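Report on one structure; see the data block that follows.
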Amino acid sequence: MAADLAFQPAHDRGWRSGLGVLLRHEIQSFWGTRTWWVQLGAWTFLIQGLLLNSLARAHHGAPGTEFISVGMGTFGALGMIVITHNAVVGEKQSGTAAWIMSKPVSRSAFILAKFLGALTGALAGVVAVEGAAAYAVLAATGHSPAAFTYLRAMAAVAIYLLFFVALSLCLGAFFTSRGPVLAIPLIAILAGQLLRFNLAGIGAALLPAGHSQVSVSASSGGPAATAALAVSAIYAVLIIALLAGAITRFTREES
Amino acid sequence: MSPGTEQTPVIISTRGLAKSYRGVQSLKGIDLTVPEHSIFGFLGPNGAGKTTVIKLLLGLARPTSGTATVFGLDIAGHSRAIRRRVGYLAQDPRFYDKMTARETLRFSARFFYTGPKRAIEQRVAQALELAGLSDSADRPTKGFSGGERQRLGIAQAQINHPDLLVLDEPAAALDPIGRRDVLQVMERLRQHTTIFYSTHLLDDVQRVSDTVAILSKSTLVAQAPIDELLTASGGATYSVAMRGDSKTVWRRLKEQPWVSALSVSHANAIPHLQVAVRDEARAERDLLRLVMADPAVTVLEFGRTRHNLEDIFVNLVEGAEHGR
């Protein structure tokens with residue numbers, strides 16, 4: 001076993017133990033599979049179809065608004081929930097989580113790899129691909145928004161989508177079956193849609209459904225954009241809190 | 001350190017290790033000592049707590065009380081450092097379905113080594129070869145049989161040249177050929193590593209283990225080198241196969257104060273006398289002489305009966321149950 005002498009041992013320590021390997025695996029799982037391209041195709045059809053439909057109906061001079069709130073926000077969030085709901089709970093059920101945990105891997109790394117893998121998928125797949133495609137369509141049809149405000153709206157959408165990723169991971173750490181992990185975020189979106197008409201101001205904006213409207217505000221500029229920034233900041237804090245909850249729970253989990 | 005192991009470094013040591021799940025005690029304060037380079041068979045009926053011990057040692061579960069060290073490192077604070085030097089095969093090993101066996105081993109290796117790529121590939125190929133999986137190396141594990149998955153489990157468990165291999169029921173789900181293969185792999189690995197494995201297959205233990213511990217109802221009921229356990233289990237028994245009328249022999253033996261029990265069984269119509277004795281030295285000196293002194297019998301076979309591990313296991317487990 002002469003080759004053993006040449007091995008370079010892994011040096012990751014503490015919470016980063018195994019993070020690199022797991023993240024690479026997550027990214028490969030996200031991008032390297034046929035399922036991913038099928039998902040991308042389906043969501044492109046839905047989101048861009050919505051935009052084209054909106055353009056065809058000459059939607060009050062602002063077809064980008066509906067695209068951002070419903071297409072990118074609601075559909076994007078649904079996509080993220082569908083894609084990530086099984087990330088933790090599926091591995092717990094199948095036994096692969098226990099297998100991974102028998103390696104020198106930190107439990108924080110397991111959760112963070114899931115989040116960062118989904119983050120690249122959400123940012124690149126939904127926000128970048130769909131956002132760029134929609135911008136091109138809008139520009140071609142003479143509805144092009146200012147690039148900076150459009151980017152700001154896309155950033156708000158990204159935070160909104162990542163909130164659902166973090167929520168799915170956190171629920172996956174707490175539950176042992178897929179049902180609640182899938183149902184709770186869906187109920188949150190539905191309840192948000194119903195409640196936002198009965199709430200005003202920041203309360204409405206903070207609802208999951210309200211945030212997609214916030215993304216619209218972010219694209220509008222002016223004071224509304226500043227408020228949108230504040231709501232996005234609150235969502236960013238919620239993402240961190242959910243991840244901390246997921247890590248804490250998963251650390252206590254006994255395989 | 002247990003008697004008899006003073007000279008051998010200890011790999012695993014537990015003191016009063018206990019675990020409760022929702023108020024139910026699944027492990028009742030066990031003291032375990034696993035010497036280096038042993039093949040340590042951890043025996044017990046299903047549900048005795050074997051897997052719980054393994055999970056505690058690997059940091060996959062936390063003890064309710066007691067302490068344990070692996071390589072001298074406390075399991076509570078050095079779990080990852082321990083796992084860096086351990087290879088583990090779960091009772092029902094699960095891998096990512098879409099990965100091939102080679103990809104699974106490559107993935108496992110990267111937790112321990114960052115490179116060079118050539119050395120990792122070479123190590124992966126060695127592990128595939130050792131587990132007899134070279135031919136199915138590039139098939140997704142989704143289509144693997146139970147035996148193939150088990151062998152892949154062993155391959156991934158020793159991808160990092162572990163100082164300790166922990167195998168949870170490595171042969172339980174296998175057919176006889178699969179079992180033989182797994183035991184052969186274990187025997188090959190013993191020169192490099194200590195093997196701690198749980199099982200309820202007593203034949204396997206008797207075949208490959210040098211030390212055993214028996215767990216029953218969450219309690220450790222025995223722990224010793226296997227030879228010691230087989231010989232020190234309530235006196236010796238001798239077997240005498242003979243032809244002819246054995247009534248006189250029977251009567252004479254019954255009169256001896258060092259004979260504790262007599263029984264007879266038949267194999268191919270030949271009576272085999274089982275003589276349990278209290279004094280081995282007297283038996284070795286006088287037993288055969290007494291039998292042969294009777295001209296009515298011809299002795300065909302004579303020998304000491306080694307206790308079967310199964311007998312000892314059953315006695316200890318049932319004894320533990322009756323003793324509670």
If you go through region B:103-121, how many residues are of a type in the set (S, T, N, Q) and more than 9 Å from chain A (Cβ to nearest Cβ)? 1
Unique match (being assigned to a loop (DSSP other than H, G, I, E, B) and either under 22 Å from A:Ser94 (Cα atoms) or open to solvent by 10 Å² or more (accessible area, probe 1.4 Å) (or both)) among B:Ala171, B:Ala155: B:Ala171
Residue, nearest to B:Phe112 (Cα to Cα), within region A:75-103, restricted to residues that are more than 14 Å from chain B (Cβ to nearest Cβ) and open to solvent by less than 20 Å² (accessible area, probe 1.4 Å): A:Val88
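Taking region B:122-131 only, how many residues are more than 9 Å from chain A (Cβ to nearest Cβ) and either open to solvent by 50 Å² or more (accessible area, probe 1.4 Å) or touching a Lys or Arg at 6+ places or on another chain (Cβ under 6 Å) (or both)? Walk me through it before giving the result.
Of region B:122-131, the ones more than 9 Å from chain A (Cβ to nearest Cβ) are B:124-125, B:127-131.
Okay, now just the ones that are also either open to solvent by 50 Å² or more (accessible area, probe 1.4 Å) or touching a Lys or Arg at 6+ places or on another chain (Cβ under 6 Å) (or both), so B:124, B:129, B:131.
Number of matching residues: 3.
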Could you tell me whether any residue of region B:229-243 is among the hydrophobic types (A, V, I, L, M, F, W, C), open to solvent by less than 10 Å² (accessible area, probe 1.4 Å) and within 30 Å of B:Glu129 (Cβ to Cβ)? no
Across region B:179-194, the tally of residues that are open to solvent by less than 10 Å² (accessible area, probe 1.4 Å) and not hydrophobic (A, V, I, L, M, F, W, C) stands at 2
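So which residues in region B:132-152 are in a loop (DSSP other than H, G, I, E, B), open to solvent by 40 Å² or more (accessible area, probe 1.4 Å) and in contact with a helix residue (DSSP H, G or I) (Cβ under 8 Å, 6 or more places away or on another chain), if there are any at all? Don't jump to the end; show me each part of the working.
At the first step, the residues of region B:132-152 found to be in a loop (DSSP other than H, G, I, E, B) are B:132-133, B:137-139, B:144-145.
This time we only want the ones that are open to solvent by 40 Å² or more (accessible area, probe 1.4 Å), so: B:132, B:138-139, B:145.
Scanning region B:132-152 gives B:Gly132, B:Asp138, B:Arg139.
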Restricting to region B:65-84, name every residue that is among the polar types (S, T, N, Q) and within 13 Å of another protein chain (Cβ to nearest Cβ). B:Ser79
Within region B:150-203, can you find the residues that are β-branched (Val, Ile, Thr) and under 15 Å from the mean Cα position of the chain (by Cα)? B:Val166, B:Val182, B:Val185, B:Thr194, B:Ile195, B:Thr199
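Rundown of residues vs (1) part of a loop (DSSP other than H, G, I, E, B); (2) open to solvent by 20 Å² or more (accessible area, probe 1.4 Å); (3) modelled with pLDDT of 85 or more, yes/no style:
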| site | (1), (2), (3) |
| --- | --- |
| A:Val105 | yes, no, yes |
| A:Ala109 | no, no, yes |
| A:Ala113 | no, no, yes |
| A:Leu116 | no, yes, yes |
| A:Leu119 | no, yes, yes |
| A:Ala124 | no, yes, no |
| A:Glu130 | no, no, yes |
| A:Ala136 | no, yes, yes |
Pull out all pairs, ordered by first then second residue, where Cβ-Cβ is under 8 Å, the residues are six or more apart or on different chains, the first lies in region A:68-94 and is free of Cβ contacts under 8 Å to residues at least 12 places away in the same chain, and the second is of a type in the set (Lys, Arg). A:Ser94/B:Arg94
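Residues being surrounded by fewer than 19 Cβ atoms within 10 Å (Cβ to Cβ) and in contact (Cβ under 8 Å) with a residue 60 or more places away in the chain: count how many of those fall in region A:151-180.
Our first condition is that a residue be surrounded by fewer than 19 Cβ atoms within 10 Å (Cβ to Cβ); within region A:151-180, this holds for A:151, A:155, A:174-180.
Within this subset, residues satisfying the condition of being in contact (Cβ under 8 Å) with a residue 60 or more places away in the chain are A:155, A:174-178.
The total comes to 6.
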Can you find a residue that is at pLDDT 75 or above, among the small types (Gly, Ala, Ser) and either open to solvent by 10 Å² or more (accessible area, probe 1.4 Å) or closer than 24 Å to A:Gly49 by Cα (or both) anywhere in region A:193-200? no
Anything in region A:1-21 that is open to solvent by 30 Å² or more (accessible area, probe 1.4 Å), at pLDDT 80 or above and within 9 Å of chain B (Cβ to nearest Cβ)? List them, or say none. A:Ala6, A:Gln8, A:Pro9, A:His11, A:Arg13, A:Gly14, A:Gly20
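Limited to region B:85-102, what total is found for residues that are at the interface with chain A (Cβ under 10 Å from one of its Cβ atoms) and either open to solvent by 60 Å² or more (accessible area, probe 1.4 Å) or in contact with a strand residue (DSSP E or B) (Cβ under 6 Å, 6 or more places away or on another chain) (or both)?
We begin by selecting, within region B:85-102, every residue at the interface with chain A (Cβ under 10 Å from one of its Cβ atoms); these are B:85-99.
Checking the rest, the ones that are also either open to solvent by 60 Å² or more (accessible area, probe 1.4 Å) or in contact with a strand residue (DSSP E or B) (Cβ under 6 Å, 6 or more places away or on another chain) (or both) come to B:85-92, B:94, B:97-98.
Residues in region B:85-102 being at the interface with chain A (Cβ under 10 Å from one of its Cβ atoms) and either open to solvent by 60 Å² or more (accessible area, probe 1.4 Å) or in contact with a strand residue (DSSP E or B) (Cβ under 6 Å, 6 or more places away or on another chain) (or both): 11 in total.
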Can you find a residue in region B:203-226 that is at pLDDT 85 or above, polar (S, T, N, Q) and more than 24 Å from B:Pro35 (Cα to Cα)? no
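Select the strands (runs of 3 or more DSSP E) contained entirely in region B:1-48, then report the ones holding at least 3 residues which are modelled with pLDDT of 90 or more and open to solvent by 10 Å² or more (accessible area, probe 1.4 Å).
So the answer is B:10-21, B:24-35.
Quick check on B:Arg207: is it touching a residue at least 24 places away in the same chain (Cβ under 8 Å), more than 9 Å from the chain's Cα centre (by Cα) and open to solvent by 20 Å² or more (accessible area, probe 1.4 Å)? So that I can check it myself, show each step before the final result.
Numbers: touching a residue at least 24 places away in the same chain (Cβ under 8 Å): yes; more than 9 Å from the chain's Cα centre (by Cα): no; open to solvent by 20 Å² or more (accessible area, probe 1.4 Å): yes.
No; evaluated as a whole, the condition is false for this residue.
For region A:22-49, name all the residues that are touching a residue at least 12 places away in the same chain (Cβ under 8 Å) and open to solvent by less than 40 Å² (accessible area, probe 1.4 Å). Don't jump to the end; show me each part of the working.
Here is the first cut: in region A:22-49, the ones touching a residue at least 12 places away in the same chain (Cβ under 8 Å) are A:22-23, A:25-27, A:29-31, A:36, A:39-40, A:43-44, A:46-48.
Hits for region A:22-49 are A:Leu22, A:His25, A:Glu26, A:Phe30, A:Trp36, A:Leu40, A:Ile47, A:Gln48.
The values are calculated or read from the model by the stated rules, or taken from the named source; none is laboratory data. Nothing here was measured: the structure is a model prediction, and the numbers come from that model. We place every Cβ from the backbone using ideal geometry, glycine too, and count neighbours over all the protein chains shown. Please note that ligands, DNA and RNA were not included when accessible areas were found on the heavy atoms of the full protein model with its side chains. Shrake-Rupley method; radii C 1.70, N 1.55, O 1.52, S 1.80 Å.
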